[in-house]
1. Return the distance in nm (one decimal) between the two label points of a simple spin-label model at residue 252 and residue 219, each offset 7 Å from Cα along Cα→Cβ.
2. Around residue 18, under 10 Å between beta carbons, what's the net of Lys plus Arg minus Asp minus Glu among the other residues?
3. Let's test the formula: R0 of 30 Å, r as the Cβ-Cβ distance of residue 40 and residue 80. What FRET efficiency results, to the nearest 0.05?
4. Quick one: if the Förster radius is 30 Å, what FRET efficiency do residue 100 and residue 62 give, using the C-beta to C-beta distance and rounding to 0.05?
5. Counting only protein heavy atoms and using a 1.4 Å probe, what share of the accessible area of the chain belongs to carbon plus sulfur, as a whole percent?
6. Could you tell me how far the Cα centroid of region 9-33 sits from the Cα centroid of region 44-98, in Å?
7. At 222 nm, what value in deg cm²/dmol follows for the chain if DSSP H runs of at least 4 each add -39500 (n - 2.57) and the sum is divided by all its residues, to the nearest 500?
8. Go ahead and run the numbers for FRET between residue 107 and residue 160, Cβ-Cβ distance against an R0 of 30 Å, rounding to 0.05.
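The values are calculated or read from the model by the stated rules, or taken from the named source; none is laboratory data. Quick caveat, the model's predicted, so the values are computed rather than measured. Cβ coordinates were reconstructed from backbone atoms using ideal geometry, including for glycine residues, and neighbour counts include every protein chain displayed. Areas reflect the complete protein model, heavy atoms only, side chains present, ligands, DNA and RNA absent. Shrake-Rupley method; radii C 1.70, N 1.55, O 1.52, S 1.80 Å.
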Amino acid sequence: MPNVLKQGNDWRKLHFYHKADAIYQLTFVFCHRFLPISGDRTVDQMVQAARSGKQNIVEGSEDGKSSTEMELKLVNVARASIRELLEDYKDFLHNHRYAIWKDRDPRRYNSVLEYTRRHNEPNDYLPFADKWSAEEFANTCLTLCYQLDAMINSYLKKLQNDFVTEGGIKERMYAARTGYRKEQDAKMKNLEAENNRLKAENAQLLATSNAWKAKYEDLKQRALKAYYGQKEEIERLRKEINDKTKIDDDRQDRPR
């Protein structure tokens, strides 16, 4: 019988969750290093977008155990947040006249791309957070955002395929109920078949018992008939002996 709740994916084991966590922690440091702490809403917006990207992956993974549809929605929210953050990093580079390496510096872009592809953990980046220049920092985070966006897109396609092939919780609940009913119907059919078999076996035993009873009655009647026949024969012989004895006695008592 199918489970109503899915096994689900453990968000702690998802590579893109770790990359999202790295982006969040790096964004927090970036904003406090290169943006004004007060008087600029950009700091709050960037930190909240980075946090939303990470937290919605967690919530989506947990909610996905009961609802693939909800997981799709929440992971898509995470993607939207990361895209918003991506635009903030591009705006920072444009506004401060820094180069976007992907467009203008292929050598440096390929170098950071190679590193970020192989590293997802926050500790892979935090040791450099106080050393990078604003341009290095923003381009690194921008590259991470592009990669995370691609990873989330790939995951969403998988979720969509799972939803199409397995359905949501309503479909799983229906399958569970249908499976339970089928299981009960199968048990009932097996019990009915067993009951019919036992009835047939009982009828056969009863017929055999009745046959033995008939044989017993026949043998009993034969035995009684033989017994009474022998008894009558014994009585006849006894009478015959007595009569003969009486005749002999009468002959002896006559005068000679």
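1. Modelled inter-label distance: 4.9 nm.
2. Around residue 18, the charge tally is +1.
3. Between residue 40 and residue 80 the formula returns 0.85.
4. 0.25
5. Here carbon and sulfur together make up 51 percent of the probe-accessible area.
6. Taking the Cα centre of each part, region 44-98 and region 9-33 sit 10 Å apart.
7. -29000 deg cm²/dmol
8. That gives a FRET efficiency of 0.20.
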